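The values are calculated or read from the model by the stated rules, or taken from the named source; none is laboratory data. None of the values given here were measured: they were computed from a predicted structure. Positions of Cβ are backbone-derived with ideal geometry, glycine not excepted, and every protein chain shown enters the neighbour counts.
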Amino acid sequence: MAKREYQTVESGPHTYWDMLHPTIQKNYGQWKYHDRPRPGVLHHVSHTGDEVWTVKAGTHRQVTVDIARRLCDIADTYCDGFLRWTVRNNVEMTTDKEANVEPLIKALEAAGHPVGGTGNSITSMAHTQGWLHCDIPATDASGVVKSIMDLVYDEFKREEMPNRVKLSTSCCEINCGGQADIAIVVQHTRPPRINHDILASTCEMPSTVARCPVAAIRPTKVNGKPSLMVVEEKCICCGACFGACPAMEINHPEYSKLAIWIGGKNANTRSRPTNMKLVAHGLPNNTARWPEVAEKVLTIIKAYKEGGRDWERVGEWAERIGWKKFFEVTGLPFDKYMIDNYRHARNSFNQSAHIRF
Ligand code: SF4
Ligand code: SF4
């Protein structure tokens with residue numbers, strides 16, 4: 001069909017193909033094998049005999065224009081201008097010249113970007129938007145990342161863990177974020193406070209009521225004006241209503257805490273995918289270094305490094321030794337809130353890609 005003058009141009013992500021290094025384009029789907037000559041460097045060999053080296057380095061996630069330009073200059077010098085960011089905010093630079101690998105590593109490290117994050121390392125944390133971009137975060141995800149990654153900097157550059165370790169933070173309980181070996185997740189501990197003065201003028205009430213997963217929000221009248229109320233005995237403090245209605249204020253410097261969950265796994269590798277389990281909660285949202293959270297995360301990492309068998313992920317290690325033992329070796333206190341008795345949860349959720357409900 002002929003394209004009409006007024007037809008809108010389809011927009012969306014640019015095709016990734018143009019961004020691939022020409023040697024990768026040429027050998028697409030023809031790789032013979034790959035290996036890692038050292039932590040932070042991937043080496044791919046094609047059936048055609050071509051080879052490419054990819055150097056991975058950590059970035060700050062919130063990258064300034066100056067940093068982006070500096071990285072682009074490095075890519076121009078050593079990688080024909082080709083670089084890409086991974087989902088964990090590492091930068092990967094690809095070259096088909098082995099002689100460029102060492103100078104590239106030196107240039108990245110001289111610019112403050114540690115080279116590593118491959119294999120059985122602790123790679124950069126996946127995290128959500130935090131205070132910089134989102135309208136409902138109770139903590140600053142990237143700040144937590146900075147404080148934890150500063151402490152595991154050497155583990156990023158080595159491959160000495162039993163298996164890869166994926167960390168994440170989520171700055172609210174319900175939206176982005178996700179499964180990780182060790183995840184730091186905001187935890188609200190009291191129902192939202194309602195600002196009745198602004199609710200009617202700022203919120204669409206039916207959609208706010210519909211947001212609540214346990215039907216705890218009811219229409220009401222306050223001082224003759226329509227508003228909403230929360231049945232606090234039903235409220236699970238999820239914060240979903242706050243996203244729909246800023247007058248349902250749930251964030252609080254004292255009552256919004258942080259929790260640590262472990263054992264999440266998305267892959268079907270070796271064992272089925274698993275949901276994370278709560279192992280610590282009620283930790284203070286203590287900016288700007290979150291020392292209480294960092295200390296617990298490091299304790300878990302240390303115990304896993306000491307006790308995990310080769311290729312065991314964090315959750316597999318905990319399952320093998322048993323959760324009772326997990327709490328013993330980490331010294332984390334266990335309490336009744338860690339027992340999964342949520343009445344709407346199925347025992348296994350969709351934990352397996354083989355069996356779906
Ligand atoms: S996790 Fe929640 S608060 Fe954080 S960026 Fe996502 S939606 Fe916003
Ligand atoms: S915090 Fe969650 S459970 Fe509580 S009222 Fe809001 S949506 Fe409902």
Filter result (modelled with pLDDT of 95 or more and not aliphatic (A, V, I, L, M)) within the range 59-79: Asp66, Arg69, Arg70, Cys72, Asp73, Asp76, Thr77, Tyr78, Cys79
Subset of the range 84-100 (residues that are at pLDDT below 95 and surrounded by fewer than 20 Cβ atoms within 10 Å (Cβ to Cβ)): Arg84, Trp85, Thr86, Val87, Arg88
Go through (1) within 10 Å of ligand 2 (Cβ to nearest atom); (2) surrounded by fewer than 19 Cβ atoms within 10 Å (Cβ to Cβ); (3) closer than 25 Å to Asp340 by Cβ and name the single condition Asn266 misses. (1)
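What strands (runs of 3 or more DSSP E), lying completely within the range 140-225, carry at least 1 residues that are β-branched (Val, Ile, Thr), more than 16 Å from ligand 1 (Cβ to nearest atom) and surrounded by fewer than 21 Cβ atoms within 10 Å (Cβ to Cβ)? Show your work before the answer.
Working: elements: 167-170, 182-188, 217-222.
Result: 217-222.
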Name the single residue that is nearest to Thr189 (Cα to Cα) among those in the range 226-240 being within 9 Å of ligand 2 (Cβ to nearest atom) and loosely packed, with under 15 Cβ neighbours inside 10 Å. Glu232
Among the residues listed as Lys277, Lys296, the single one being of a type in the set (D, E, K, R), crowded, with 16+ Cβ neighbours inside 10 Å and within 23 Å of Gly130 (Cβ to Cβ): Lys296
Go over the candidates Lys166, Lys234 one by one and state the one that is within 30 Å of Arg320 (Cβ to Cβ) and not polar (S, T, N, Q). Lys166
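For the structure I just gave you, tell me whether Val52 is modelled with pLDDT of 90 or more and surrounded by fewer than 13 Cβ atoms within 10 Å (Cβ to Cβ).
Details: modelled with pLDDT of 90 or more: yes; surrounded by fewer than 13 Cβ atoms within 10 Å (Cβ to Cβ): no.
So Val52 fails the test.
Mind checking which residues of the range 117-138 are on the phi > 0 side of the Ramachandran plot and either polar (S, T, N, Q) or outside any helix (DSSP H, G or I) (or both)?
Residues satisfying the conditions are Gly117, Gly119.
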Would you confirm, using the coordinates I've provided, whether Glu316 is closer than 15 Å to Asp181 by Cα and among the acidic types (Asp, Glu)? yes
Which of the residues belonging to the range 168-184 are within 16 Å of ligand 2 (Cβ to nearest atom) and out of contact with any His (no Cβ under 7 Å at 6 or more places or on another chain)? Ser170, Cys171, Cys172, Ile174, Asn175
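If you go through the range 308-352 one residue at a time, how many are at pLDDT 85 or above and out of contact with any helix residue (DSSP H, G or I) (no Cβ under 6 Å at 6 or more places or on another chain)? I'd like the intermediate steps shown before the answer.
Step one: filter the range 308-352 for residues at pLDDT 85 or above, giving 308-338.
So of that shortlist, the ones also out of contact with any helix residue (DSSP H, G or I) (no Cβ under 6 Å at 6 or more places or on another chain) come out as 309-313, 315-316, 319-325, 327-328, 331-333, 335-338.
The total comes to 23.
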I'm trying to understand the selection: among the residues of the range 118-137, which are within 16 Å of ligand 2 (Cβ to nearest atom) and under 21 Å from Ala180 (Cα atoms)? Pro137
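Taking the condition within 13 Å of ligand 1 (Cβ to nearest atom) and farther than 15 Å from Cys171 by Cα, does Ala244 pass?
Working: within 13 Å of ligand 1 (Cβ to nearest atom): yes; farther than 15 Å from Cys171 by Cα: yes.
In short, yes.
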